[in-house]
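The values are calculated or read from the model by the stated rules, or taken from the named source; none is laboratory data. Remember, it's a predicted structure, so these values are computed and weren't measured experimentally. When we count neighbours, we look across all protein chains shown, and the Cβ atoms used for this are built from the backbone with ideal geometry, even at glycine.
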Amino acid sequence: MSPPVLAALPACWAGRHLPSPEAEPSLLSLEGAHRGSGLDVLLGELAAAFEAEKQRGVALGCRQERASRERLSQRVRQVLEAYARSHPSDWRQFAAWGDHGYLRHLLLGTDDFEVMLLCWKPGQVSRVHNHDASNCWVSVLAGRMAETLYRLAGSRDAGQQQQQPEKEEGAQEKPAPGADAGAQAAEVVPTGTHTLEVGDVGYISDLQGLHSLGSVGGAGAVPAATLHVYSPPIRRVRLYEGGRVTESTPGFYSRHAFRQGGRPAPAGLGWCYGHGEGI
Ligand SMILES: N[C@@H](CS(=O)O)C(=O)O
Ligand SMILES: [Fe+2]
């Protein structure tokens, strides 16, 4: 019989990328993880939450039906909070920090959602960006984060102005469609800043606006780590800088979604673009 974690994962993931439990009893046996509270449980519970919404016929994304989004959000928050507040250390085996920007490490990617670990040295910050059509949850595992929210200048509803036609995957940092419509349209205005501590869970989508996230620097600051859950996976983002808007396809510094029994992930599974330093 499949372990509950496997049973909870979408068939497309479990069937295609994982060996059978008989063949690999140490499946997802993450070092230091306690069955019942570790990353394997977190991933299984998230998979179950997204699968439950899909079973109701919901198309996942920031514009999904409100009741469905709230139900999903409540569950994802519970799962992320429970993990972060259990003082876990099993995520650390996947963590690496870089000198040139925060690093993105993919833990699990499916067609419906992705979970990644982001590692930030003190003071590292993402550029002002949007989140495609995704729901985005973030939970702090270590350090202290500050989030600044923005809206497009001249816009009351930033989300509506960010909608653009579909674009091919794989392109890097090209001017976005409509970027030439006027620098005015790409100017952003900060609307508020707040801090996120270990165990806090935040949510953003294009319906809320744009943001920039960063680890708080200064004396005594420690390297930060955050868990991000995006549904559906983010394929591209729009960056707002110097009055211009560009598009970028974020990459992963490392991918562990298919790591099994301590072996490195086989090449070619999942999707990965770019260099993996943050946006
Ligand atoms: N959305 C960013 C991280 S953050 O700044 O929210 C990313 O996926 O890299
Ligand atoms: Fe973000």
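Summed over the stretch 77-115, the residues that are of a type outside the set (Lys, Arg) and not in a loop (DSSP other than H, G, I, E, B) give a count of 19.
Using the structure shown, decide if GLN208 is at pLDDT below 95, within 16 Å of ligand 2 (Cβ to nearest atom) and more than 20 Å from GLN124 (Cα to Cα). It is true that GLN208 is at pLDDT below 95, within 16 Å of ligand 2 (Cβ to nearest atom) and more than 20 Å from GLN124 (Cα to Cα). Residue-level analysis places LEU118 outside the set of residues that are in contact with a strand residue (DSSP E or B) (Cβ under 6 Å, 6 or more places away or on another chain), part of a helix (DSSP H, G or I), within 16 Å of ligand 2 (Cβ to nearest atom) and in contact (Cβ under 8 Å) with a residue 40 or more places away in the chain. Return yes when GLY170 is modelled with pLDDT of 85 or more and either of a type in the set (Gly, Ala, Ser) or in a helix (DSSP H, G or I) (or both) and no when it is not. Spelling it out, it is not the case that GLY170 is modelled with pLDDT of 85 or more and either of a type in the set (Gly, Ala, Ser) or in a helix (DSSP H, G or I) (or both). Here the condition is being closer than 30 Å to GLY220 by Cβ, surrounded by fewer than 21 Cβ atoms within 10 Å (Cβ to Cβ) and among the basic types (Lys, Arg); of ARG71, ARG63, ARG77, ARG56, it holds for ARG77 alone. Checking each residue in the stretch 218-235 for being modelled with pLDDT of 90 or more, under 13 Å from the mean Cα position of the chain (by Cα) and more than 12 Å from ligand 2 (Cβ to nearest atom) picks out ALA225, LEU227, SER231, PRO232, PRO233. For HIS131, the criteria (1) assigned to a strand (DSSP E or B); (2) at pLDDT 95 or above hold in every case but one, which is (1).
Of the residues GLU45, GLU31, the single one that is modelled with pLDDT of 90 or more, of a type outside the set (A, V, I, L, M) and over 25 Å from ILE279 (Cα atoms) is GLU45.
Against the definition (modelled with pLDDT of 95 or more, in contact with a Ser or Thr (Cβ under 6 Å, 6 or more places away or on another chain) and crowded, with 18+ Cβ neighbours inside 10 Å), how does LEU196 come out, yes or no? Answer is no for this residue.
In the stretch 204-215, the residues that are within 15 Å of ILE234 (Cβ to Cβ) and more than 8 Å from ligand 1 (Cβ to nearest atom) never reach a residue that is part of a loop (DSSP other than H, G, I, E, B) and among the charged types (D, E, K, R) with C-beta atoms less than 7 angstrom apart, at least six apart or across chains.
Take LEU60 and decide whether it is part of a strand (DSSP E or B) and either under 19 Å from PRO250 (Cα atoms) or in contact with a Pro (Cβ under 7 Å, 6 or more places away or on another chain) (or both). The answer is no for LEU60.
Scanning the stretch 202-251 for residues that are in contact with a helix residue (DSSP H, G or I) (Cβ under 8 Å, 6 or more places away or on another chain), surrounded by fewer than 20 Cβ atoms within 10 Å (Cβ to Cβ) and assigned to a strand (DSSP E or B) yields a total of 3. Output yes when any residue across the stretch 242-260 is away from ligand 2 (no atom under 12 Å from the Cβ), of a type in the set (Asp, Glu) and over 28 Å from PHE50 (Cβ atoms), and no when none is. There is no residue in the stretch 242-260 that is away from ligand 2 (no atom under 12 Å from the Cβ), of a type in the set (Asp, Glu) and over 28 Å from PHE50 (Cβ atoms).
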